[in-house]
Structure formats: C-alpha cells, structure tokens
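Heads up: the structure comes next, in structure tokens.
The values are calculated or read from the model by the stated rules, or taken from the named source; none is laboratory data. Source: prediction; values computed, not measured. All Cβ positions, glycine included, derive from the backbone under ideal geometry; neighbour counts span all protein chains shown. Heavy atoms of the whole protein, side chains included, go into the accessibility calculation; ligands, DNA and RNA do not. Shrake-Rupley method; radii C 1.70, N 1.55, O 1.52, S 1.80 Å.
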Amino acid sequence: MDETYYNILNIETNATQTEIKKAYRRLSMQWHPDKNKTPDAEDKFKKIIKAYEILSDDVKKSDY
C-alpha cells in the first residue's frame, strides 16, 4: 500500500503551498463526515488532515 501524504492529497512531490492548500480544501469538503455518509469518510478525512498538517509546514515537510 503506497499511501504517502502526497498520494493522499493527490499532488506531486514538488507541489507549491498554494497547490497543497487547494488540494486539501477540495478533498476535505468532499470527504467531510457531515457531507459524506460513506463508512470510510471519517478515516479518509483524518488522513487528509494529517497529510495537510505535515505538508503545509515547511519544517515538518522537510523532516518527512
């Protein structure tokens, strides 16, 4: 299972902060548990939040 933070947000490894934020917003609206009632929506939403938390912070991103 090749599920990197980049794959979760569906972005390239050289994505800009603007592209990261745009992908996060799009996916978080799509997978928010209040809007998406599928059983795996909450888990997917949590993964999206974690990926954004890491990739949006330059220090955490460089450690990753």
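What number of lysine-lysine pairs in the range 19-64 show an alpha-carbon separation below 14 angstrom, given a sequence spacing of 8 or more or placement on distinct chains?
5
Report the net charge of residues surrounding GLU3, where surrounding means a beta-carbon distance below 15 angstrom and charges are Lys +1, Arg +1, Asp -1, Glu -1.
Here the charged neighbours net out to +1.
Would you calculate, for the chain, the mean residue ellipticity at 222 nm contributed by helices, counting each DSSP H stretch of 4 or more residues as -39,500 (n - 2.57) and dividing by all residues, to the nearest 500? It would help to have the intermediate numbers written out before the result.
On the way: 4 runs with 41 residues, N = 64.
So the helix-based figure for the chain works out to -19000 deg cm²/dmol.
Which residue, LYS47, LYS37, LYS21, tops the fluctuation ranking in a GNM of the chain built on C-alpha contacts under 10 Å?
Comparing LYS47, LYS37, LYS21 in the GNM, the peak value goes to LYS37.
Which ³J(HN,Hα) values in Hz, rounded to whole numbers, follow from the phi angles of the range 49-64 under the Karplus curve 6.51 cos²θ - 1.76 cosθ + 1.60, where θ = phi - 60° and Gly and Pro get x?
4, 5, 4, 5, 4, 6, 6, 7, 9, 4, 5, 5, 5, 5, 5, 5
In whole Hz and in residue order, list the ³J(HN,Hα) couplings for the range 2-13 that follow from phi through the Karplus curve 6.51 cos²θ - 1.76 cosθ + 1.60, θ = phi - 60°; x for Gly and Pro.
9, 10, 8, 4, 5, 5, 4, 7, 6, 10, 7, 5
Measure nothing but the geometry: give the 0 to 90° angle between the long axis through the Cα atoms of 17-31 and the longest principal axis through the Cα atoms of the chain, rounded to 10°.
10
Where only protein heavy atoms count, and the probe is 1.4 Å, what is the accessible area per residue for the chain in Å²?
Here the per-residue accessible area is 73 Å².
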